[in-house]
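Engineer: Shown below is the structure under consideration.
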DNA sequence: ATGAAAGCGCTAACAA
DNA sequence: TTGTTAGCGCTTTCAT
């Protein structure tokens with residue numbers, strides 16, 4: 001069956017039309033699954049396509065139809081940390097996998113701090129039908145605004161003050177904290193400290209306020225607070241600050257399992273036993289949670305599903321379907337040995 | 001300065017030309033940085049571009065120039081494992097970061113096992129100028145062949161038998177094993193076992209053969225062999241097999257730090273002390289190595305740089321520059337406490 | 001249901 | 001150096 005395809009010369013619609021004995025218009029209709037074609041036409045076109053090894057030229061299609069069939073995944077500059085974080089890796093994975101089952105293509109866009117306009121220029125240049133934004137930072141304002149020009153879906157609630165009109169997928173981060181605090185409370189902890197996440201991110205802010213509210217409601221004392229950056233190292237440092245601060249506590253809510261992991265290391269060094277002396281609950285059921293010593297009791301959020309849902313919602317919006325502005329994914333407590 | 005830009009109507013080259021008082025051709029030249037334009041023309045065009053907020057339409061450009069300015073990053077189906085592996089995450093990061101500094105765009109392509117032809121169709125459909133292949137599996141033959149049609153650069157030596165013509169970036173994996181074995185030898189180990197990687201991947205095969213050769217050359221006895229799949233769980237299982245096999249050994253070369261991490265857990269459970277009873281050396285200086293107990297002595301390979309180099313070489317090839325078919329990155333031993 | 005024809009926005013000869 | 005003129009390969013009215 002080779003020899004019919006001339007190497008180097010991609011067959012065009014026109015050639016398919018010639019072989020099928022039809023016009024380009026009809027061939028185009030068949031290829032795009034239009035209902036207004038006869039069965040014979042479909043058969044003839046498919047045969048010709050097969051014979052020639054025809055593949056539509058995407059650029060031509062985009063140019064003519066004004067739809068790009070591709071969506072951007074915008075990720076923060078600090079890619080090293082980004083990919084090291086199982087939350088993001090998993091969300092990307094979910095989105096990519098979902099998209100693999102569609103006609104859409106994923107373009108990875110790293111926001112460049114050297115040329116911050118570059119990303120927006122690309123986005124606004126009609127290169128993509130929509131964008132998925134996975135945000136680390138608090139400077140998501142320009143992306144929220146981007147949402148006025150094209151469909152955009154955020155992973156994690158954006159924090160800029162005009163975020164009230166943004167579409168996003170997230171979990172209820174206050175509920176996450178509450179689940180953790182209630183578990184510690186049920187285990188008899190009376191004074192619950194927290195290692196909070198960056199207060200420039202919704203997850204950081206909401207988990208902290210959730211902890212505050214939940215301790216108040218449960219009638220337990222809020223213990224000391226330290227803030228980390230969601231990394232193991234940041235968690236370790238925060239743990240030292242907590243210990244050195246001298247305020248007592250018998251429970252700890254760490255806003256990420258990475259931070260919990262780092263914190264557990266410090267606790268071990270200092271001879272504080274977990275869960276005997278301090279009960280620890282983290283967030284995210286990832287590698288860090290499973291392989292902590294002791295294995296971490298944690299609040300699980302479905303990160304891959306969250307990524308997939310982002311993609312699904314974005315496509316719906318691109319195709320003109322109305323979707324809820326806010327989508328919250330379910331959470332659950334995974335009990336292990338740390339609390 | 002707003003009001004000059006009509007929302008929804010992307011300005012075209014033609015409009016820029018009108019405002020600048022020049023032809024489309026000249027405007028095109030200015031925009032593409034042609035040297036054959038007067039300074040006045042450049043000034044006029046830039047002003048018009050600024051005023052209109054003009055952004056070139058990529059599809060039109062691709063269609064007319066037959067260059068897509070985008071490259072594909074092909075990653076294996078099993079994205080969950082892929083992104084969980086710091087090696088891949090880091091290589092992707094390196095490539096993406098390098099590309100962010102160029103005019104090229106990265107399109108993420110998940111190979112679908114439901115429709116394996118889909119990926120090739122996309123690749124061959126003139127959608128990208130070249131491809132970066134990060135391979136898990138041994139079935140890289142079709143991608144090696146793809147290299148006959150467009151520039152392709154592999155991350156990690158491909159293993160299919162026609163791989164001899166493929167361009168790739170890797171480390172010398174035999175040397176990796178040798179470095180590990182020599183270190184163990186220098187530390188007085190006399191019988192060195194190995195947890196090998198999958199024998200369907202070059203890294204698995206070469207690190208195993210390197211271990212064989214190095215033990216022979218060093219005059220130490222090769223200890224027992226077990227094979228894992230590069231994951232912590234696989235490493236743990238292999239470790240059990242090694243221990244249960246009953247053959248003695250006082251040194252262990254694990255072909256990845258993930259496997260070493262899992263193995264160390266089993267050793268601890270079984271009361272085998274590291275490094276007192278067994279010295280352990282792994283590969284990859286990642287989170288798993290740094291946070292193992294005890295911290296892992298390991299052979300470092302520069303994964304992010306490897307990814308960046310892949311991108312750099314691919315672009316060179318796309319632009320017609322000859323580059324070496326094989327690029328080997330440097331390795332080094334990072335000494336910690338496990339050996 | 002099908003075809004003819006007119007672009008989509010840009011680049012690239014070729015002339016001037 | 002600049003402009004003119006053809007397309008790039010496809011979709012999409014509008015007729016038929």
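Engineer: Using a 10 Å cut-off around each Cβ of peptide B:99-110, what is the average number of partner chain Cβ atoms that fall inside? Can you show the working numbers first?
Structural biologist: Working: counts 2, 11, 5, 0, 1, 0, 8, 6, 5, 10, 4, 8.
The shielding value for this peptide is 5.
Engineer: What is the helix-to-structure angle for B:303-318, meaning the angle in degrees between its Cα long axis and the longest Cα principal axis of chain B, kept from 0 to 90 and rounded to the nearest 10?
Structural biologist: 40 degrees
Engineer: Counting pairs of alpha carbon atoms under 8 Å apart in space and at least six apart in sequence, what relative contact order in percent does region A:173-300 give? Provide the component values of the computation, followed by the final result.
Structural biologist: On the way: 281 pairs, mean separation 32.6, N = 128.
Taking the mean separation of contacting Cα pairs over the length of region A:173-300, I get 25 percent.
Engineer: What FRET efficiency, computed as 1/(1 + (r/R0)^6) with R0 = 35 Å and r the Cβ-Cβ distance, is obtained for residue A:66 and residue B:81, rounded to the nearest 0.05?
Structural biologist: Values: r = 38 Å, r/R0 = 1.09.
Once the sixth-power term is evaluated, E becomes 0.35.
Engineer: Which one of A:202, A:47, A:304 has the biggest mean-square fluctuation once chain A is modelled by GNM with Cα springs under 10 Å?
Structural biologist: A:47
Engineer: Follow-up question, since we're still on this one. Could you give the distance between the Cα centres of region A:307-333 and region B:37-69, to the whole Å?
Structural biologist: 36 Å
Engineer: Classify the protein assembly as shown from the C-alpha gyration tensor, please: rounded if a/c falls under 1.5, else prolate or oblate depending on whether a/b exceeds b/c.
Structural biologist: Working: a/c = 2.07, a/b = 1.33, b/c = 1.56.
Oblate, because a/c is 1.5 or more while a/b does not exceed b/c.
Engineer: How would you order B:174-182, A:123-131 from highest to lowest mean count of nearby Cβ atoms within 10 Å? Mind showing how you got there, number by number?
Structural biologist: Numbers: B:174-182: 23.1, A:123-131: 21.4.
Per-residue Cβ counts within 10 Å, averaged per peptide and sorted highest first, yield B:174-182, A:123-131.
Engineer: Enter the mean number of other protein chain beta carbons within 10 Å of the beta carbon of each residue in B:83-89, as an integer.
Structural biologist: Details: counts 11, 6, 1, 3, 0, 2, 10.
Per-residue shielding by partner chains comes out at 5.
Engineer: Still on this structure, please answer the following. One decimal, nm, shortest first: give the distances between the label point of residue B:46 and those of the same position in the other copies, each label point 7 Å from Cα along Cα→Cβ.
Structural biologist: 5.7
Engineer: Run the label-point distances for residue B:333 please: 7 Å along Cα to Cβ, every other copy, nanometres, shortest first.
Structural biologist: 4.9
Engineer: Moving on to the next point. How far is the Cα center of region A:223-266 from the Cα center of region A:116-158, in Å?
Structural biologist: Cα centroid of region A:223-266 versus Cα centroid of region A:116-158: 33 Å apart.
Engineer: I've got another one for you. Angle, helix A:202-218 long axis vs. longest principal axis of chain A, Cα atoms, 0 to 90°, nearest 10?
Structural biologist: 40 degrees
Engineer: Take peptides A:14-24, A:278-288, B:289-299 and line them up by average Cβ neighbours within 10 Å, highest first, as a rough protection proxy. Before the final figure, lay out each step's value.
Structural biologist: Details: A:14-24: 17.3, A:278-288: 26.5, B:289-299: 22.5.
Ranking the peptides A:14-24, A:278-288, B:289-299 by packing returns A:278-288, B:289-299, A:14-24.
Engineer: Another question, then. Roughly speaking, what is the stretch gain from residue A:290 to residue A:186, that is 0.36 nm per residue apart minus the C-alpha to C-alpha distance, in nm to one decimal? Let's see the in-between values first.
Structural biologist: Numbers: separation 104, 0.36 × 104 = 37.44 nm, distance 2.21 nm.
So the extension gain works out to 35.2 nm.
Engineer: Ok, one more. Going 7 Å from the Cα of residue B:323 toward and past its Cβ, which residues in region B:166-190 have a backbone nitrogen under 20 Å from where you end up?
Structural biologist: Only B:166-173 fall inside the zone, counting backbone N under 20 Å.
Engineer: Which of the three applies to chain B, rounded, prolate or oblate, going by the alpha-carbon gyration tensor with a ≥ b ≥ c and a/c under 1.5 meaning rounded? If you can, show how the numbers build up before the last one.
Structural biologist: Working: a/c = 2.97, a/b = 2.67, b/c = 1.11.
The shape class here is prolate.
Engineer: Let me ask you something else. Over the whole of A:55-65, what's the average partner chain Cβ count within 10 Å per residue? Rounded to a whole number, please.
Structural biologist: Details: counts 8, 4, 7, 9, 15, 5, 2, 6, 8, 2, 1.
Taking all residues of A:55-65 together, the mean is 6.
Engineer: Name the most mobile residue of A:60, A:186, A:196, meaning the one with the largest mean-square fluctuation, in a Gaussian network model of chain A with Cα contacts below 10 Å.
Structural biologist: Highest fluctuation of the listed residues: A:60.
Engineer: Modelled label-to-label distance, residue B:142 and residue B:165, 7 Å Cα→beta-carbon offset: nm?
Structural biologist: 1.9 nm
Engineer: Would region A:173-300 count as rounded, prolate or oblate if I go by the C-alpha gyration tensor, calling it rounded below 1.5 in a/c and otherwise prolate when a/b exceeds b/c, oblate otherwise?
Structural biologist: Numbers: a/c = 1.27, a/b = 1.10, b/c = 1.16.
Since a/c stays below 1.5, the shape of region A:173-300 is classed as rounded.
Engineer: For residue B:244, place a label point 7 Å out from Cα along the Cα→Cβ vector, do the same in each other copy, and report the separations in nm, one decimal, smallest first.
Structural biologist: 4.8
Engineer: Ok, one more. Using only Cα atoms, find the angle between the long axis of helix A:86-100 and the longest principal axis of chain A, and express it within 0 to 90 degrees, rounded to the nearest 10.
Structural biologist: Result, in degrees: 20.
We did not get these values from a lab; they are worked out from the coordinates using the rules stated. Computed from a predicted structure; not experimentally measured. Here Cβ is always computed from backbone atoms with ideal geometry, including for glycine, and neighbour counts include all displayed protein chains.
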